[in-house]
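Data block below; observations after.
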Amino acid sequence: MSATKLFSPGPVMVKDNVRRSLLHYDICHRSGEFEEMFVDTQKKILKLFNADDSYYSVIVSGSGTAANETVLSSVFREGEGVMLIRNGMFGERLLEIIHKYNIPLVDCPFDWAEYPDLKIIEQKIAENPRIKVVAMVFHETCTGMINPVGEVGALCRKYGKLLSVDCVSAAGGQNIDVVSNHIDIATSVGGKCVGAFPGSAYVCARKDLLEGLTADQCRNVYLSLYKHYQSAVTTHQTPNTPNVNLFWPLNQALTNILEDETLEGRISRYERCASIIREGVVKLGCRLLLDEHMSSTVTSVFLPEHVEVHQFLKDMEDRGYTFYIGKGDYAKQGMIQIANMGEIYEQDCRNMLEVFGLVLNQD
């Protein structure tokens with residue numbers, strides 16, 4: 001049986017050299033060889049975010065949520081609060097973490113797929129002096145919307161706040177410039193736009209912020225940003241045993257982007273693929289959730305009313321194509337999500353659309 005094409009927003013299909021890197025011979029994470037690879041990967045992560053030498057990166061074994069929890073459980077001292085801008089499921093994931101650690105919260109909610117209103121955001125920032133950090137999602141994957149990170153970054157600079165951005169589904173797929181966008185902390189993971197495997201997350205943050213952390217303010221043992229930073233700076237290692245076998249694929253995937261395809265080239269490929277998908281499904285009688293602020297890698301599509309969504313997904317998977325069903329109430333409305341992350345190219349999208357049309361119009 002031929003492999004299924006993953007048109008899903010993670011896990012993604014990976015390049016052959018990324019898959020082969022899993023077969024790297026066994027090494028100890030306390031060895032010089034690991035340390036050399038660790039440092040090289042850190043440098044490549046900084047390039048992914050267009051960071052300058054005022055930033056530093058650490059690698060966390062876990063999903064993107066692990067990276068976000070590492071940040072949110074670590075950066076607050078007693079009495080310091082967070083303002084959360086949210087308009088989808090993954091903003092709500094941040095909300096869950098914030099509640100779990102009892103961090104003082106100024107909530108700034110918008111409806112799913114609603115573009116955040118900057119006037120409301122600025123008013124809340126201005127009225128709440130206890131806010132230390134403004135948190136938000138760059139690419140809200142449940143809708144495919146790109147949020148106004150640069151504009152919020154400018155507001156954070158104006159009011160002296162830190163900006164923490166969940167870039168889990170954005171890094172490697174969108175143009176992220178932590179310097180010009182005034183992003184103080186960015187998180188992501190290898191198993192999405194970067195084209196590695198799930199389980200290798202990372203944090204890119206300003207050095208002065210990391211250097212100001214204390215062990216006591218971090219509320220999680222394994223996900224302590226203080227421990228990860230101190231271990232990386234002093235020993236070029238992680239504080240606990242990492243998933244060593246996933247470091248090699250992450251490093252190789254970053255190399256593929258930065259040295260072969262280029263970051264600009266990859267984003268351009270993703271944009272071309274997304275355009276082909278969107279034009280194709282509309283021609284086939286489907287409706288898009290968004291008409292602006294759309295990401296380069298996720299398209300939310302409502303199937304025609306006569307099509308049963310679960311059967312459609314099964315029929316497509318039987319023919320070699322995997323999609324996601326829509327999140328929350330979108331699933332009840334017959335929405336699916338088609339992603340073009342990882343090793344998906346223009347012809348793959350055209351081939352998929354041909355099968356999509358056949359399944360959509362079958363008796």
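The values are calculated or read from the model by the stated rules, or taken from the named source; none is laboratory data. Just so it is clear, the structure is predicted and the values come from calculations on it, not from any experiment. Quick reminder, even Gly has a Cβ in these numbers, built from the backbone with ideal geometry, and neighbours come from all protein chains shown. The accessibility values were calculated without ligands, DNA or RNA, using every heavy atom of the protein model including side chains. Shrake-Rupley method; radii C 1.70, N 1.55, O 1.52, S 1.80 Å.
Hey, what number do you get for the chain at 222 nm if only DSSP H runs of n ≥ 4 count, each worth -39500 (n - 2.57), divided across all residues, to the nearest 500? Intermediate results must be reported in sequence, preceding the final value.
Numbers: 13 runs with 142 residues, N = 363.
Helix-only estimate at 222 nm: -12000 deg cm²/dmol.
Under 19 Å from a label point set 7 Å out along the Cα-to-Cβ vector of D318, the amide N atoms of region 345-362 belong to 352-362. Ordering L225, V282, G172 by Cα displacement along the dipole of the chain toward the positive end leaves L225 in first place; charges were set at the Cβ atoms of Lys, Arg (+1) and Asp, Glu (-1). A simple count of charges around R93, restricted to other residues whose Cβ falls under 15 Å of its Cβ and scoring Lys, Arg +1 and Asp, Glu -1, yields -2. Between the residues A154, L210, T187, the greatest Cα displacement towards the positive end of the dipole of region 105-219, with unit charges on the Cβ of Lys, Arg, Asp and Glu, is found for L210.
Distance between the pseudo-spin-label points of Y115 and K158 (7 Å out from Cα toward the beta carbon): 1.8 nm.
With a cut-off of 18 Å on the backbone N, the residues of region 279-319 near the modelled label site 7 Å out from R272 along Cα-Cβ are 279-280, 296-298.
Projecting the Cα positions of N17, P239, G357 onto the charge dipole of the chain (unit charges on Cβ atoms of Lys, Arg, Asp and Glu, taken about the Cα centre) puts P239 furthest along the positive direction.
Protection proxy ranking of 196-207, 222-233, 16-27, by the mean of other Cβ atoms within 10 Å over each peptide's residues and highest first, is 196-207, 222-233, 16-27. I want to make sure I understand the PRE zone here: with the label point 7 angstrom from the Cα of N351 toward its beta carbon, which residues in region 308-326 have backbone N atoms less than 14 Å away? Within reach of a label on N351, which here means backbone N under 14 Å from a point 7 Å along Cα→Cβ, region 308-326 contributes 319-322.
What accessible area per residue, rounded to a whole number of Å², is obtained for the chain using a probe radius of 1.4 Å?
About 42 Å² of surface per residue is accessible.
With respect to the chain, whose longest principal axis is taken over its alpha-carbon atoms, helix 149-159 is tilted by about 30°.
In this structure the amide hydrogen of V60, modeled in the peptide plane, comes within under 5 Å of the amide hydrogens of A201, Y202, V203, none closer than 5 places in sequence on its chain. The loop-placed GluC sites (Glu not before Pro) in region 29-99, going by DSSP, that have at most 10 neighbouring Cβ atoms within 10 Å of their Cβ come out as E78.
Coupling constants for region 5-10 follow from the phi torsions by the Karplus curve (6.51 cos²θ - 1.76 cosθ + 1.60, θ = phi - 60°), and in residue order they are 7, 8, 8, 10, x, x Hz; glycine and proline get x. For region 183-200, the Karplus equation 6.51 cos²θ - 1.76 cosθ + 1.60, evaluated at θ = phi - 60°, returns couplings of 8, 8, 9, 10, 10, 6, 8, x, x, 10, 4, 5, x, 10, 9, x, x, 10 Hz by residue, with Gly and Pro reported as x. Put simply, when 120-127, 329-336 are sorted by average Cβ atoms within 10 angstrom per residue, most first, you get 329-336, 120-127.
Give, as a single signed number, the net charge of other residues whose beta carbon lies under 13 Å from the beta carbon of S200, with Lys and Arg counted +1 and Asp and Glu -1.
Values: positive: K44, K192; negative: none.
Net local charge, S200 excluded: +2.
Computed over neighbours whose Cβ is under 11 Å from that of E259, the net charge equals 0, Lys and Arg +1, Asp and Glu -1. Remark: region 145-284 carries a charge dipole of roughly 300 debye about the Cα centre, counting +1 on each Lys and Arg Cβ and -1 on each Asp and Glu Cβ. Atom-type composition of the exposed protein surface of the chain places 49 percent of the accessible area on carbon and sulfur (1.4 angstrom probe).
The C-alpha atoms of the chain define a longest principal axis, and helix 309-318 lies at about 90 degrees to it. Taking Cα centre as origin and charging only the Cβ of basic (Lys, Arg, +1) and acidic (Asp, Glu, -1) residues, the dipole magnitude of region 278-363 rounds to 140 debye.
Compute, for the chain, the length of the dipole vector about the Cα centre, with Cβ point charges of +1 (Lys, Arg) and -1 (Asp, Glu) only. Units Debye, rounded to 20. Don't skip to the answer; put the middle values down first.
Working: 35 positive and 46 negative charges, 88 e Å.
With Lys and Arg at +1 and Asp and Glu at -1, about 420 debye.
Pairs K43/K207; K47/K132; K124/K207; K47/K207: which are spaced more than 21 Å apart, C-alpha to C-alpha? K47/K132; K124/K207, as the Cα separations exceed 21 Å there.
With respect to the chain, whose longest principal axis is taken over its alpha-carbon atoms, helix 263-283 is tilted by about 40°. The stretch between S180 and E122 holds 19.0 nm of extra length on full extension. This uses 0.36 nm per residue minus the Cα-Cα distance. Taking θ as phi - 60° and the Karplus parameters 6.51, -1.76 and 1.60, the scalar couplings of region 291-303 work out to 10, 7, 6, 8, 6, 8, 9, 9, 10, 9, 10, 8, 6 Hz in sequence order, x denoting glycine and proline. The shape of region 61-121 comes out oblate: with a ≥ b ≥ c from the C-alpha gyration tensor, a/c is at least 1.5 while a/b does not beat b/c.
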